[in-house]
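The values are calculated or read from the model by the stated rules, or taken from the named source; none is laboratory data. This is a predicted model, so every value here is computed, not measured. Counting neighbours? That spans all protein chains shown, and the Cβs are built from the backbone with ideal geometry, glycine included. When the accessible area is computed, the model is the full protein with side chains, heavy atoms only, and any ligands, DNA or RNA have been set aside. Shrake-Rupley method; radii C 1.70, N 1.55, O 1.52, S 1.80 Å.
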Amino acid sequence: MSVLVQMSMFPTDKSESKSAYVSKVIEVIRNSGFNYQLTSMCTIIETKKMSEALELIGNCYKVLEDCGCSRVYSTITFDIRPNHENRMVEKIKSVENHIGEVSK
């Protein structure tokens, strides 16, 4: 199974710049061992089980809670597909097969 998660998470009760807090969330994701891709607007993560994805999201929230954030905004989108893996790479390759190399 492949669970792709598109996620952004940041506090709304802190400074205008969110990078210090986003960095803490990314550190949790990086330390999880799951494949991920940071973009300017969100982070994409791939897990093998929905339970792994949900636990990771909870851990991301926890690090912000531990930083004293009392209001956290998050958007989370899932793309769940049994019998597939490495879709973070394969989905891009599939598009490139049609139109050539794309910006990554």
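In region 30-43, the residue that is most open to solvent (accessible area, probe 1.4 Å) out of those that are of a type in the set (S, T, N, Q) and touching a strand residue (DSSP E or B) at 6+ places or on another chain (Cβ under 7 Å) is Asn35. With the requirement that a residue be assigned to a helix (DSSP H, G or I) and either at pLDDT below 95 or open to solvent by less than 70 Å² (accessible area, probe 1.4 Å) (or both), what does region 60-81 give you? Result: Cys60, Val63, Leu64. If a residue must be open to solvent by 70 Å² or more (accessible area, probe 1.4 Å) and among the acidic types (Asp, Glu), how many such residues does region 82-97 contain? Count: 2. The set of residues in region 57-94 that are among the charged types (D, E, K, R), more than 21 Å from Val22 (Cα to Cα) and out of contact with any strand residue (DSSP E or B) (no Cβ under 6 Å at 6 or more places or on another chain) comprises Glu90, Lys91, Lys93.
Taking the numbered list (1) open to solvent by 60 Å² or more (accessible area, probe 1.4 Å); (2) small (Gly, Ala, Ser); (3) over 26 Å from Pro11 (Cβ atoms) in turn, Gly100 passes all entries but (1).
Within region 80-104, residues that are under 15 Å from Ser2 (Cα atoms) and free of Cβ contacts under 8 Å to residues at least 24 places away in the same chain reach no partner that is part of a helix (DSSP H, G or I) and open to solvent by 60 Å² or more (accessible area, probe 1.4 Å) with beta carbons closer than 7 Å at six or more positions or on different chains.
Which one is nearest to Asn59 (Cα to Cα), of the residues in region 14-24 that are open to solvent by 60 Å² or more (accessible area, probe 1.4 Å) and touching a residue at least 24 places away in the same chain (Cβ under 8 Å)? Break it down stepwise before answering.
Let us first name the residues in region 14-24 that are open to solvent by 60 Å² or more (accessible area, probe 1.4 Å), namely 14-17, 19-20, 23-24.
Retained after the next criterion (residues that are touching a residue at least 24 places away in the same chain (Cβ under 8 Å)): 14, 24.
Details: Lys14: 19, Lys24: 11 Å.
It comes out as Lys24.
For region 21-77, a tally of residues being farther than 22 Å from Met88 by Cα, in contact with a helix residue (DSSP H, G or I) (Cβ under 7 Å, 6 or more places away or on another chain) and aromatic (Phe, Trp, Tyr) returns 1.
Of all the listed residues (Glu52, Glu46, Glu27), the sole one being within 28 Å of Glu85 (Cβ to Cβ), surrounded by fewer than 16 Cβ atoms within 10 Å (Cβ to Cβ) and either among the β-branched types (Val, Ile, Thr) or touching a residue at least 24 places away in the same chain (Cβ under 8 Å) (or both) is Glu27.
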